[in-house]
Structure formats: C-alpha cells, structure tokens
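What follows is one structure encoded as structure tokens, with my remarks underneath.
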Number of protein chains: 2
Amino acid sequence: MRILICPPREIWDNLCERPVIKREDLENSVRVIINSVKKNGDKALLKYSEEFDKVNLPNLKVTAGEILNSENSVPDELKGAIKIAKSNITKFHSSQLLSEEIIETTMGVRCWRKSVAIEKVGLYIPGGSAPLFSTILMLGIPAIIAGCNEIVLCSPPDKTGCINPVLLYTAKLLGINNIFKIGGAQAIAAMAFGTESVPAVYKIFGPGNQFVTKAKECIQQEGIAIDMPAGPSEVLVIADANSNPEFIAADLLSQAEHGSDSQVILLTDNTDFIGLVREEIEKQLSLLPRRGIIETSLSGSLLISLPTLDDCIDFSNQYAPEHLIINTAEPQKLAVKVRNAGSVFLGAYSCESAGDYASGTNHTLPTNGFARTYSGLSLDSFVKKISFQEITREGLSGLGPTIEIMAGAESLEAHKNAVTVRLKSIKNG
Amino acid sequence: MRILICPPREIWDNLCERPVIKREDLENSVRVIINSVKKNGDKALLKYSEEFDKVNLPNLKVTAGEILNSENSVPDELKGAIKIAKSNITKFHSSQLLSEEIIETTMGVRCWRKSVAIEKVGLYIPGGSAPLFSTILMLGIPAIIAGCNEIVLCSPPDKTGCINPVLLYTAKLLGINNIFKIGGAQAIAAMAFGTESVPAVYKIFGPGNQFVTKAKECIQQEGIAIDMPAGPSEVLVIADANSNPEFIAADLLSQAEHGSDSQVILLTDNTDFIGLVREEIEKQLSLLPRRGIIETSLSGSLLISLPTLDDCIDFSNQYAPEHLIINTAEPQKLAVKVRNAGSVFLGAYSCESAGDYASGTNHTLPTNGFARTYSGLSLDSFVKKISFQEITREGLSGLGPTIEIMAGAESLEAHKNAVTVRLKSIKNG
C-alpha cells in the first residue's frame, strides 16, 4: 500500500495511470484460434476443448436433461437468494425501457425513437474455480427484457465435461436454454461467426481472461459488436473522519480479491483515518481465503489524503473509477459533483457487493478510465434506438423550402429535388 | 440498375451483402500520420497541411475575427434555414434527456441513473467542394445539449487557408469557437492525442474519407472512443402501387448522389411499378449536376419486386438499411415490423432529405449492416449514464443476507465480509 499525504495536482495524472496491459503477443495465438473456428467449426471447438479444458466432449450443447438436473444440485437457500437478486435487477432494468415520446418538432413533422432489441446476442461466462452465476443475471436479465430473440450462452466445461449446475440453474431461471460448453477465444469466435452447433450472433457480452478480451477486440474489428472494452476491476473509496474504518477496509479488500491486478484507491480528507483503515485491513485480511491475490493487488493500492473532500472528488473525476464509494457524512453533496464513474455507492451501507449481486444495478462497468466515455451495461446495451419520422403534406409545405435552401447550399441538388417534386405536386393539387 | 422479380429467399443473403472495402493498404500510411502527429504535434500538422491541403497556414486555430466575419458572407436566406433546422434538431434531441427516475428495487434500496456529459469531444467535418454545415448541426447540437465542456471542431482548410464561412457561421451559431484548420487522419490524431494547439478529447465524432475512417479505427484501438463504425451511405425504399413513382425516383436519386459507393434499393409488391420508377429516374437524372456519381452508384442499385409488402419488410430487416423509406398506403402497418434500420421515414411526404437537414432527427446513422446493433447518433452518444445507489441501514439489513449467500457461493469471501461487518455493526448498534 502506497500512502500519499496531499500529493500535488501535478502528479495526479501519474497517480491516475492504469497498469499497461501488453496483449500484442496474444494477438497471433488468438487469431489462429479464431481462424481455425471459422474454418473448421465444431471440429475446431472440440479440439480446443481437449487441449485447453482437458476433456473429450460428446456434444457442445448442454442437453435439456443437464439443465433440468441442475435444479437438484443447487441449495434452496442459494436459489432463494438468486431469485431475490433477479427480482431487483429486473425492476431496475425494466425502468430503463424507452418511452416512445412523439415530438412534433414543427407543425406536421413528428419524430420519435423506438427501442428494438438486438435480435441475436451472445453471453460469455468465464469458468474457473467459482461459478459466476451473478454475471448470468447481469447479462441475461436485460437481454430478456429487451426482447432479444436468440440468446446464446457459452461457458467452459470443467474436466468432467460439465458446466457448474448453479450456472445452468440461473440460466434456466431466466429462460436461457441455448447453452454451450465452450470457453476462451474459441467461444467468442464461435458466437461471432457461427458453427454447425453454435448460432452466430450480432453482439457479444461478458467478462473473461486476456484471451477472451483479445478475441473480443479482434471480432469487433470484423464488424461484430461487443459490450465494452475491458480492463482490471477498480474501486475508489472517498471517506472522511465520520466513516467507519472497518467498513472501508472491508470494501477495499472486497475489490482487492477480484484479481491480483485489481485497482484499489482510498481518498480521505483526514490523514489519521488512513492509519485506522490500515489497521483494519491487517485485521480482516488474516481471515480471508484469497489472501495471496489480495496482498498482490494491495501492494499497488493507493491510500491518499487530500486537503478537502472537494479535492477528493476532483481526483476521482480525473481517475474515472469503475466503482466509486462515497462513504462520508453527506454523500449527496459529493454525488452531484461526480463527472466520471461507472457506478456510485452512497453512504455507509451501500457497499460495492450490493451492486455486484443484488441491489438491482448492473455490475458490468467501464474500467481502465473508460468511464470517461462509456456507460455501464444497461437495457440500452441490448437494443438499438431507431428513429422514425412522419411528415404530413402540410408539414412538408412548411418545412420544404428550408430543406431546399440547405441542400442547395451543400450542392446536393438531388436532395433538394426530392423536396421540390413533392412541393410541386402539392401545389398542383 | 439490377432488376429482380421475386428472388427466392435463399439468395437474399447474397443480395444483402455490402461491397467489401479494403482498407488494409491504408493502415500503414495512416499509422505513419498518427505517430508523426503524436511525436511532432503542431509541426506535423502544418507539414501535412502543406502536403495535402496545399497551403502554408500561419496558424491552425481559426481566429475570432474569421469567425466573426463569417456572418457577413452567408446569405440571410441560408441563415434563416439553418436557424429553423437548429430549432427542430434541438427540440428532438432535448427530448432525449434521461429523466432521473429513482427506483426503490426493494425496501431501503434506491437505484437510479444519471446522464453526465462526456467532458471533451471532437467533431470532424469533411472538406471538399460543398460545406457540410448540416453535419455541424447534427454533431454540435447534441454535444451542446449534453453539456460537453470542451468541444473541438476540425475541418480542412481550402487552398487559400480558409474554412468555408457557412461552416464557421453554423459553429458560431451553436457557440462552438474551438475550431481548427486540420483535415484527414492528422485531424483525428490531433484530437485523440492533443498537440500544442489542439486539446485532446475523449470521443471523436463525424464522417470522412477512408483516411479519416481508418484513423478513427486506429485511435479506437488506443482507447479513444468514436461515434460508430463507418461505411457507404444507404437507402432502402418500400413502395406499393399507390406510391408516386416521381417521389420514389427522387428519393433513390438523392441517395445515389452522396457518392459513387452509395447503396440504393427499391422494394415493391408491384412489378409494374419498377418500370414507372425507372422512367422517372431517367427523366430526373438528366437534370441533375452530379450525374456521373449518380450513374455509378445506380449501376449497383437493386430494384426488387417481392410477392407481398411483408416480404419487403422481411428483406429490409435482413438488409438493415441506414435509411428506410416506407412510402406505401399504410406505412404504419409496416413500421411496427421494423427490426433493423437506422432511421425510418413514413409516408409520401417524409423524404430522406427532411431527416438529412431539418426535421429534427439525426443524420449520423449506422451503415453497412451496423443498424442490426448500433443506434444512430443521439444525445446518448454524448453522455455516460452513471448508475447510483443508496442503501439505508434497514435496506442492508433486509438485502444483506442475500448478498452474503451469493458472494459465498461465488467464493468471494471478502465481498461477503463487506456485508457481514455492516450487519454485525447494525446488530450491535
């Protein structure tokens, strides 16, 4: 942990820098995988499964039986929790539906936008030791609300050729049945270009390791849309003397356990508070199972005191954190000043874990400074907003001459003529 | 013009294919330009201006005097038209402001989203024979409404070192004063990375030639956001026996004049109608100044009859046109079936030129099939939607156990602990 007392603004840029992730050496191996899947389809997928997942799969698609059986392997308590989270996430994302307000911009000229679902979407859920079923909720629920026709889900199988039943249960709960046992760059390639078993989709969502991330970058260059660019997860916490150091330490630790590259920053206007948080971190850390990962990511963390809370929010806006926790006496006072952040948590009881799992907001958020330009995942990510216009005879009579003048000034005479022929026809009757 | 009578669905995929644009050979020259601007800043920009624009610029930034003088060179009639367009575009885009509805997903758990402007944006306006002032309206108005702090505009100078006064007048009308005489890939590089004169921005908008397009692709890979991927402009018109062939021909011709790579498609359920439209095209074409361009793009155009209007809308959804004109007796009947399109024009009097200039909708739209996943430009393009949550003590007491169960099941004990320490404190306190 690096402690800085009132670092001057000149070095903030430096403090806000993210670790540079070198992925160029990956590009070749990822392109080989993508081209192989493009060329050999399922055959390539089965070969990679043998190579990377160490399993000989009889079939890529999860069977109806496997999905059905998943129900029995998931404890009732966990099922109940997943259902509560589903309900909250559904409530919040349903509120994001665009109301089709029709605007009469001028007499007889009516314009509106309509949200229409992206027809085919692909969701990637990473494998590994723990089943990330919460990500199925975060990606699947808005896809379902949007009305995406075809939802394809890929996740790597374990060594016995199975996908964790909690993942299957969660997918089933949402009504997602098109599930494939495919991981890594090959899963991204399969959903991007389609194979005998896997339908091609138009947009691909979901987190993953550096192979998955690079594959998403590559297929984006070939015209398939992706959710957003990826980077290591981040939290920035703003605290003052009123904050409970035990809570703050727990929030910093929860971010640090994501991965050894996780970014953890504490800002406070109270220098003494830093010491209290450090003590709490030591205390709590000794009890946590992912100690190794946490220690590595904490070694790069910043604990910074600044003269005022306004300085803290300035720093935060410059850093543009994925998660911003404002745990101060009056969080709303700072909240209105947030310019760049993925998701903001206000007050002592709004811990990041709440948003990660169950409060209703999405946990897929812009990292790596992308919060300056990108929004987190929402219903918007699963729809296009198509604009419509309907102009009446009277409407064109009024607006037509304006269009003619502008088109003429841009030397686009055919554009002008499309109005002129209509105005003449109106005049003639 | 290629005429097809009831082509079978098996070949629709083929008919929907876009021309493949080979840009790989460009990549090297564009990367050289980008790196040179990164390294040498203004010096590189002035050198490229000499090389490409054939002018020795005394300064890159348009002076206040130049902007002020522009007022005198623009005819009053055109000023009036631009003001009407500005008013309509402002009305429609203002309606796109997100209302900050607070959702209480469960007792004591309040979630909402807030639109916050992208702080620094860059607008690129191409040069050439005609001044594309309409694009300044389409990019600048939502940027202003969103509240973007810093708006940088680049456009190439002519051989006398000037930017067309209509462009300057339009920018001034919107309140945009940060205008630079820079064109091509070097303009994109300057806005992406900044130079001594040009401020660096976070997101770059605007059309351009293949150098500009390739430069936008390159800087996107370096983490700067862009509006959307680009391709040749397109229109698909659906007409029936009730349509006026004169109007339809004019609409097809107006699209065809954009460039020799413009995509023009007519669909109708009435085979005879195709002949009428062809006659009208011949008649109108002879009077149009951009005949050469139009003839080239028409040579690749498709005039297709299909059994029913429903087949026409199916084809259109498969093609995913940038502009879709539904000029039939009952356009609303087909409008509800639109799944993929950038902007839709309903009825006999809603010509594409209206949306290109003055009805209020944006004319920056997804081409090349990207309408399957991307929306046209809107206020959304200039903001991030930041999610917020505020959980009360009671809220966390209720939701906390759910979070603990889920985090535990994902083996993220520190996530669980961030809730546990709070629940304990609530219990004890």
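The values are calculated or read from the model by the stated rules, or taken from the named source; none is laboratory data. Source: prediction; values computed, not measured. Neighbour counts run over all protein chains shown; Cβ positions are idealised from the backbone, glycine included. These accessible areas exclude ligands, DNA and RNA; they are computed on the full protein's heavy atoms, side chains included. Shrake-Rupley method; radii C 1.70, N 1.55, O 1.52, S 1.80 Å.
Look at residue B:20 and say whether it is modelled with pLDDT of 95 or more, within 12 Å of chain A (Cβ to nearest Cβ) and more than 30 Å from residue A:112 (Cβ to Cβ). It would help to see each step written out before you state the result.
Numbers: modelled with pLDDT of 95 or more: no; within 12 Å of chain A (Cβ to nearest Cβ): yes; more than 30 Å from residue A:112 (Cβ to Cβ): yes.
Criteria not met by residue B:20.
Which residue, of B:373, B:364, is closer than 30 Å to residue A:339 by Cβ and free of Cβ contacts under 8 Å to residues at least 60 places away in the same chain?
Numbers: B:364 fails: free of Cβ contacts under 8 Å to residues at least 60 places away in the same chain.
One residue alone meets the criteria, B:373.
Just checking, how many residues over region B:40-58 are touching a residue at least 12 places away in the same chain (Cβ under 8 Å) and open to solvent by 40 Å² or more (accessible area, probe 1.4 Å)? Give the steps one after another, and end with the answer.
The first filter runs over region B:40-58 and keeps only residues touching a residue at least 12 places away in the same chain (Cβ under 8 Å), leaving B:41-42, B:44-46, B:48-49, B:52-58.
Subsequent filtering for residues that are open to solvent by 40 Å² or more (accessible area, probe 1.4 Å) retains B:46, B:52, B:54, B:56, B:58.
Of the residues in region B:40-58, 5 are touching a residue at least 12 places away in the same chain (Cβ under 8 Å) and open to solvent by 40 Å² or more (accessible area, probe 1.4 Å).
Run residue A:173 past the list (1) assigned to a helix (DSSP H, G or I); (2) in contact (Cβ under 8 Å) with a residue 60 or more places away in the chain; (3) open to solvent by less than 10 Å² (accessible area, probe 1.4 Å) and report the number of the one that doesn't hold.
Failing condition for residue A:173: (3).
Please state which one of B:260, B:233, B:254 is in contact (Cβ under 8 Å) with a residue 60 or more places away in the chain, under 25 Å from residue A:417 (Cβ atoms) and away from chain A (no Cβ under 11 Å).
Numbers: B:260 fails: in contact (Cβ under 8 Å) with a residue 60 or more places away in the chain; B:254 fails: away from chain A (no Cβ under 11 Å).
Just a single option satisfies the conditions, and that option is B:233.
Quick check on region A:122-136. Is at least one of its residues buried (at least 23 other Cβ atoms within 10 Å of the Cβ), within 14 Å of chain B (Cβ to nearest Cβ) and closer than 30 Å to residue A:388 by Cα?
Yes.
Quick check on region B:321-331. Is at least one of its residues touching a Lys or Arg at 6+ places or on another chain (Cβ under 7 Å) and of a type in the set (S, T, N, Q)? Talk me through it step by step, then tell me what you get.
So in region B:321-331, the residues touching a Lys or Arg at 6+ places or on another chain (Cβ under 7 Å) come out as none.
Looking through region B:321-331, none of the residues is touching a Lys or Arg at 6+ places or on another chain (Cβ under 7 Å) and of a type in the set (S, T, N, Q).
Given (1) closer than 22 Å to residue A:403 by Cα; (2) in contact with a Gly (Cβ under 7 Å, 6 or more places away or on another chain); (3) at pLDDT below 95, where does residue B:232 come up short, assuming only one miss?
The single condition residue B:232 does not satisfy is (1).
Output the residues belonging to region A:375-429 that are assigned to a loop (DSSP other than H, G, I, E, B), crowded, with 24+ Cβ neighbours inside 10 Å and more than 7 Å from chain B (Cβ to nearest Cβ).
A:377
Being surrounded by 11 or more Cβ atoms within 10 Å (Cβ to Cβ) and among the β-branched types (Val, Ile, Thr) narrows it down to one residue among B:5, B:34; which is it? Explain how you work it out, then say what you get.
Details: B:5 fails: surrounded by 11 or more Cβ atoms within 10 Å (Cβ to Cβ).
When all the criteria are applied, what remains is B:34.
If you scan region B:338-350, which residues turn out to be assigned to a loop (DSSP other than H, G, I, E, B), in contact with a strand residue (DSSP E or B) (Cβ under 7 Å, 6 or more places away or on another chain) and either farther than 16 Å from residue A:415 by Cα or within 7 Å of chain A (Cβ to nearest Cβ) (or both)? Full working, then the answer.
Kept after step one, since they are assigned to a loop (DSSP other than H, G, I, E, B), are these residues of region B:338-350: B:338-342, B:347-350.
With the extra rule that they be in contact with a strand residue (DSSP E or B) (Cβ under 7 Å, 6 or more places away or on another chain), the set shrinks to B:338-339, B:341-342, B:347-350.
Within region B:338-350, B:338, B:339, B:341, B:342, B:347, B:349, B:350 meet the criteria.
Yes or no: residue A:209 open to solvent by 10 Å² or more (accessible area, probe 1.4 Å), more than 30 Å from residue A:186 (Cβ to Cβ), in contact (Cβ under 8 Å) with a residue 24 or more places away in the chain and among the polar types (S, T, N, Q)? Steps first, please.
Details: open to solvent by 10 Å² or more (accessible area, probe 1.4 Å): yes; more than 30 Å from residue A:186 (Cβ to Cβ): no; in contact (Cβ under 8 Å) with a residue 24 or more places away in the chain: yes; among the polar types (S, T, N, Q): yes.
Judged against the criteria, residue A:209 is not a match.
If residue A:105 satisfies every condition in (1) within 9 Å of another protein chain (Cβ to nearest Cβ); (2) open to solvent by 30 Å² or more (accessible area, probe 1.4 Å) but one, which is the exception?
Only one criterion in (1) within 9 Å of another protein chain (Cβ to nearest Cβ); (2) open to solvent by 30 Å² or more (accessible area, probe 1.4 Å) is unmet by residue A:105, namely (2).
Kindly establish whether residue A:49 is in a helix (DSSP H, G or I) and of a type in the set (Ser, Thr, Tyr).
Values: in a helix (DSSP H, G or I): yes; of a type in the set (Ser, Thr, Tyr): yes.
Answer is yes for this residue.
Is it true that some residue in region B:314-337 is at the interface with chain A (Cβ under 7 Å from one of its Cβ atoms) and either assigned to a loop (DSSP other than H, G, I, E, B) or buried (at least 23 other Cβ atoms within 10 Å of the Cβ) (or both)?
No, the conditions are met nowhere in region B:314-337.
I'd like to know if region B:148-159 contains one or more residues that are touching a Leu at 6+ places or on another chain (Cβ under 9 Å), hydroxyl-bearing (Ser, Thr, Tyr) and touching a residue at least 40 places away in the same chain (Cβ under 8 Å). Give the steps one after another, and end with the answer.
Quick first cut of region B:148-159, residues touching a Leu at 6+ places or on another chain (Cβ under 9 Å) only: B:151-155, B:157.
Next, only the ones that are hydroxyl-bearing (Ser, Thr, Tyr) stay: B:155.
When the remaining residues are screened for being touching a residue at least 40 places away in the same chain (Cβ under 8 Å), the result is none.
Scanning region B:148-159 turns up no residue that is touching a Leu at 6+ places or on another chain (Cβ under 9 Å), hydroxyl-bearing (Ser, Thr, Tyr) and touching a residue at least 40 places away in the same chain (Cβ under 8 Å).
If I filter region A:220-279 down to residues being open to solvent by 50 Å² or more (accessible area, probe 1.4 Å) and of a type in the set (Ser, Thr, Tyr), which single residue comes out as farthest from residue A:315 (Cα to Cα)?
Among those residues, the one meeting the criterion is A:260.
Condition check: surrounded by fewer than 20 Cβ atoms within 10 Å (Cβ to Cβ), hydroxyl-bearing (Ser, Thr, Tyr) and either in contact with a Cys (Cβ under 8 Å, 6 or more places away or on another chain) or in the same structural domain as residue B:176 (by TED's automatic domain parsing) (or both). Does residue B:90 satisfy that?
Working: surrounded by fewer than 20 Cβ atoms within 10 Å (Cβ to Cβ): yes; hydroxyl-bearing (Ser, Thr, Tyr): yes; either in contact with a Cys (Cβ under 8 Å, 6 or more places away or on another chain) or in the same structural domain as residue B:176 (by TED's automatic domain parsing) (or both): yes.
Yes: the conditions hold for residue B:90.
Examine region B:225-242 for a residue that is under 24 Å from the mean Cα position of the chain (by Cα) and polar (S, T, N, Q), and state whether such a residue exists. Before the answer, list the steps.
Let us first name the residues in region B:225-242 that are under 24 Å from the mean Cα position of the chain (by Cα), namely B:225-238.
Those left that are additionally polar (S, T, N, Q): B:233.
Yes, there is a match, as at least one residue in region B:225-242 is under 24 Å from the mean Cα position of the chain (by Cα) and polar (S, T, N, Q).
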